[in-house]
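Undergrad: Dropping a structure here in C-alpha cells format, bear with me for questions.
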Amino acid sequence: MSDDRKAHWEGVYTTKADDSVSWFEESPAFSVSLIEAANPARGAAIDIGGGASRMPEALLGLGFAEVACLDLSAAALDVAQQRMGSLGEKIRWIVAEITQWTPDRTYDLWHDRAVFHFLTAPQDQARYAAAINAGVAPGGIAIIGTFAPDGPERCSGLPVMRHDGQSLSAIFGADFSLLSETRHDHHTPGGAVQKFQFSIFRKV
C-alpha cells in the first residue's frame, strides 16, 4: 500500500499544477490562526504531508527556530524548495511515508492538514499514532486537520475516513489531551466547498 500511495502522489505532483489541486491554499492563514491560539513553544515544528504548500514559510514567519516538512512525494517538496529559493535552506525536507517513518527527534508543534484522513486501514492509523507519540514533545501541540464527519468521502480519487476529535483521541491514545475542535470550510480552486474539522491536542 505504501508504494501505491507514493506512486499516486508522485503522479499528482508531476502532472498537475500546484494551484489546481483541490487542497490548494494561497495562504495557510487558518492553520496559522490555530497555531497562534494554541501558542506552542517556538522550538521545532513539523508539517506532515506539507507537499508544495506555503506552510514552511508560515512556520518560519511564526518564529519557530527549526522547521521540518515531511511528504512522501519528492516532486511536491521540490516545488516548495524551488519556490522558497535560499529560504528553503532553513527547512529540513523529509521524503518519507508517515506510516513507515520514525521521528529522530521531538517537535513542539505537529501540523497535519489532510494526511490522516487518507489512512483508512487500522494498521496505518496505528503506525501514524506511533509516529505522533514519538514525535511530539511533552507539552507540545498537535493540530490535525481532517475531513469532518459530514465532509467528502473521497479525495484525489482515493477513499478517506472522516473524523472528529473523539475518533482521533481514540487512535492517538491517552497521552494526547483534546483541547478544542474547530470546523472549517475549505474553498477549492474549482469552487467547491470541502468541510474540514481541525482537532487540537496537547501532549501530556
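None of the figures in this text is laboratory data; all of them are computed from the coordinates on show. Everything numeric in this text was worked out from a predicted model, so none of it was measured. Backbone-built Cβ (ideal geometry, glycine too); neighbour counts: all protein chains shown.
Undergrad: Can you list which of the DSSP-assigned H helices in the chain have a Cα extent of 30 Å or more along the long axis and an average Kyte-Doolittle score of at least 1.6? Walk me through the numbers on the way to the answer.
TA: Numbers: long enough: none.
The answer is none, since no helix passes both cut-offs.
Undergrad: Give the calculated FRET efficiency between Gln123 and Ser86 to the nearest 0.05, with a Förster radius of 41 Å applied to their Cβ-Cβ distance.
TA: Numbers: r = 41 Å, r/R0 = 0.99.
In this case the efficiency is close to 0.50.
Undergrad: Could you give the distance between the Cα centres of region 80-112 and region 113-168, to the whole Å?
TA: Cα centroid to Cα centroid, the span is 18 Å.
Undergrad: Subtract the Cα-Cα distance of Ala96 and Ala29 from 0.36 nm times their separation in residues, and report this length gain in nm to one decimal. Spell out each step's value before the answer.
TA: Values: separation 67, 0.36 × 67 = 24.12 nm, distance 2.57 nm.
Value of the extension gain: 21.6 nm.
Undergrad: Now for a separate question. Given axes a ≥ b ≥ c from the Cα gyration tensor, I'd like to know whether region 71-181 is rounded (a/c under 1.5), prolate (a/b larger than b/c) or oblate.
TA: Numbers: a/c = 1.81, a/b = 1.27, b/c = 1.43.
Judged from the Cα gyration tensor, region 71-181 comes out oblate (a/c at least 1.5, b/c at or above a/b).
Undergrad: Still on this model: Stretch Asp78-Glu181 to full length: gain in nm at 0.36 nm per residue minus the Cα-Cα span? Mind dumping the intermediate values first?
TA: Details: separation 103, 0.36 × 103 = 37.08 nm, distance 3.24 nm.
Extra length from Asp78 to Glu181 when fully extended: 33.8 nm.
Undergrad: Okay, moving on. Could you sort the peptides 79-86, 48-55 by per-residue average Cβ neighbour count (10 Å cutoff), highest mean leading?
TA: Values: 79-86: 13.9, 48-55: 24.6.
Final packing ranking: 48-55, 79-86.
Undergrad: In debye, nearest 20: dipole of the chain around its Cα centre with unit charges on the Cβ of K, R (+) and D, E (-)?
TA: Values: 17 positive and 25 negative charges, 48 e Å.
Computed charge dipole of the chain: roughly 240 debye.
Undergrad: Next up: Enumerate the calculated ³J(HN,Hα) couplings along region 103-108 in order (Karplus 6.51 cos²θ - 1.76 cosθ + 1.60, θ = phi - 60°), each rounded to whole Hz, writing x wherever the residue is Gly or Pro.
TA: Values per residue, Gly and Pro as x: x, 9, 7, 10, 10, 7 Hz.
Undergrad: Further question on the same structure: Give me the extension gain from Val193 to Glu36: residue separation times 0.36 nm, minus the current Cα-Cα distance, reported in nm with one decimal. Mind dumping the intermediate values first?
TA: Details: separation 157, 0.36 × 157 = 56.52 nm, distance 2.48 nm.
Taking Val193 through Glu36 to full extension adds about 54.0 nm, to one decimal.
Undergrad: Between Ala65, Phe198, Ala134, whose Cα lies farthest towards the positive end of the dipole of the chain when Lys and Arg beta carbons carry +1 and Asp and Glu beta carbons carry -1, centred on the Cα centre?
TA: Working it through, the farthest residue towards the positive pole turns out to be Ala134.
Undergrad: Can you show me the helix-derived [θ] at 222 nm for the chain, built from DSSP H runs with n ≥ 4 at -39,500 (n - 2.57) apiece and divided by the number of residues, rounded to the nearest 500.
TA: Values: 6 runs with 64 residues, N = 204.
Helices in the chain give a 222 nm mean residue ellipticity of -9500 deg cm²/dmol.
Undergrad: Counting pairwise Cα distances across the chain, what percent come out greater than 22 angstrom?
TA: Details: 9106 of 20706 pairs.
Pairs farther apart than 22 Å: 44 percent.
Undergrad: Pick out, from Ala41, Pro28, Trp93, the residue whose Cα sits farthest towards the positive end of the charge dipole of the chain, with +1 on the Cβ of Lys and Arg and -1 on the Cβ of Asp and Glu.
TA: The residue sitting most towards the positive pole is Ala41.
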